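FYI, it's all coordinate maths here, none of it is from the lab. Worth saying up front: this structure is predicted, and the values here are computed from it rather than measured. Cβ coordinates were reconstructed from backbone atoms using ideal geometry, including for glycine residues, and neighbour counts include every protein chain displayed.
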């Protein structure tokens, strides 16, 4: 786990991110983490993803200004999500992370799951913002430009630059498909 002294920006190394994934046994929870990581989305957007929001190799998110933003996901994740959807008898208007109680999993429950899995992985407590910053750090380290990261995660270029500066990381410039390799 990386943390700059004097900075609030924190992220997981690829090794630590893989340790976290290895602790997760529930299929729904595996997809929660993978979608959160691959899209870099905010927690409140993650829990409200509907089946119809998954289009080919992307997930559409509603933005505050009534626009939609598409975030790329790997072909592997897209294919596995389709199997998950079929296996759980989800229809297009169902939430991807559906629960019997409230329609979709709560943000509090997702935070609790990530905390629990991170402790099991020996990473101390982390939250969804760690996963978001991990996405930014890994994308930047793989040479993806700030402007492209910005579009993927729904932040301004200035905010992405600020986070990258806080993370104190270096990069090779390149395209987004490097992120999924």
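Observations on the structure shown:
- Cα long-axis angle, helix 157-167 against the chain (0 to 90 degrees, to the nearest 10): 70 degrees
- Sites residue 99 and residue 62, calculated FRET efficiency, Cβ-Cβ separation with R0 25 Å, nearest 0.05: 0.75
- Seen against the Cα atoms of the chain and their longest principal axis, helix 14-23 is set at about 30 degrees.
- Between 41, 60, 22, the residue with the greatest mean-square fluctuation in the GNM of the chain (Cα pairs under 10 Å linked by springs) is 22.
- Considering only alpha-carbon pairs that sit under 8 angstrom and 6 or more positions apart, the relative contact order computed for the chain is 28 percent.
- Between helix 27-39 and the chain there is an angle of about 40 degrees, using the helix long axis and the longest principal axis of the Cα atoms.
- Peptides 116-128, 90-102, 133-145 ranked from most to least packed give 133-145, 116-128, 90-102, packing being the mean of other C-beta atoms within 10 angstrom over each peptide's residues.
- The Cα atoms of segment 27-91 cover 34, 23, 20 Å along the three principal axes, with the biggest extent listed first.
- Whole-angstrom gap from segment 33-47 to segment 49-110, using each part's C-alpha centre: 10 Å
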